[in-house]
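Trainee: Let me give you the structure first, and then I'll get to my questions.
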Amino acid sequence: MALTAGSLAVALGIRVTRGSVLDSDNPLNQISGTILYAAAVYGAVLFLFPRSRPLVVAVYAAGFCWLVELFQLTGLPAAWSAQSVLSRLALGAHFDPADLAWYLAGVLPVAALHHFVTRRR
């Protein structure tokens, strides 16, 4: 779990210093939120499968993030997000193709840290 803390702290720090933790009212908040989400997903996958290799965890985390982003094309997350902040945080609201790359920006540094820490053991 400590492997995820650094990436989460950086992304959350950006969110806090730029205003509200929950609002994505400017590009930096939107990007940092996407990175934070991806790092949290990496942490969740690592928590569920603690003995997995970093590359495997990264592939599953990025794949999950991409599936959620593609699910936004259906319009269902937008409708649910209008009714619930939790839905907005978990599923987003609108498809943004740039997010597909930003998810990697959240997953890859944590995977590199995970790799470095496990190689040193």
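Trainee: Could you run through the stretch 56-70 and say how many residues are aliphatic (A, V, I, L, M) and in contact with a helix residue (DSSP H, G or I) (Cβ under 7 Å, 6 or more places away or on another chain)?
Mentor: Of the residues in that region, 5 qualify.
Trainee: Then there's this: Under 8 Å between Cβ atoms, which residue pairs at least 6 apart in sequence (or on different chains) link something in the stretch 86-101 that is under 15 Å from Leu36 (Cα atoms) with a partner that is at pLDDT below 85?
Mentor: Leu89/Leu22
Trainee: Still on this structure, I have one more. How many of the residues making up the stretch 16-56 are modelled with pLDDT of 85 or more, of a type in the set (Ser, Thr, Tyr) and assigned to a helix (DSSP H, G or I)?
Mentor: Counting residues in the stretch 16-56 that are modelled with pLDDT of 85 or more, of a type in the set (Ser, Thr, Tyr) and assigned to a helix (DSSP H, G or I) gives 3.
Trainee: Does Val110 satisfy the criteria of being surrounded by 13 or more Cβ atoms within 10 Å (Cβ to Cβ) and of a type outside the set (D, E, K, R)?
Mentor: yes
Trainee: Now for a different question. Could you check how many residues of the stretch 42-85 are aliphatic (A, V, I, L, M), over 19 Å from Val117 (Cα atoms) and either touching a strand residue (DSSP E or B) at 6+ places or on another chain (Cβ under 7 Å) or touching a residue at least 24 places away in the same chain (Cβ under 8 Å) (or both)?
Mentor: 4
Trainee: If I ask for residues that are farther than 22 Å from Leu108 by Cβ and of a type outside the set (A, V, I, L, M), which ones from the stretch 73-94 would you list?
Mentor: Result: Thr74, Gly75, Pro77, Trp80, Ser81, Gln83, Ser84, Ser87, Arg88, His94.
Trainee: Tell me which of these Ala62 doesn't satisfy, since it passes every other one: (1) touching a Lys or Arg at 6+ places or on another chain (Cβ under 9 Å); (2) of a type in the set (Gly, Ala, Ser); (3) buried (at least 16 other Cβ atoms within 10 Å of the Cβ).
Mentor: (1)
Trainee: For the stretch 87-98, does any single residue satisfy the condition of being of a type in the set (S, T, N, Q), out of contact with any helix residue (DSSP H, G or I) (no Cβ under 8 Å at 6 or more places or on another chain) and assigned to a helix (DSSP H, G or I)?
Mentor: No, the stretch 87-98 contains no residue that is of a type in the set (S, T, N, Q), out of contact with any helix residue (DSSP H, G or I) (no Cβ under 8 Å at 6 or more places or on another chain) and assigned to a helix (DSSP H, G or I).
Trainee: Out of everything in the stretch 64-86 that is of a type in the set (S, T, N, Q) and at pLDDT 95 or above, what residue ends up being nearest to Ala98 (Cα to Cα)?
Mentor: The residue in question is Gln72.
The values are calculated or read from the model by the stated rules, or taken from the named source; none is laboratory data. Everything numeric in this text was worked out from a predicted model, so none of it was measured. All Cβ positions, glycine included, derive from the backbone under ideal geometry; neighbour counts span all protein chains shown.
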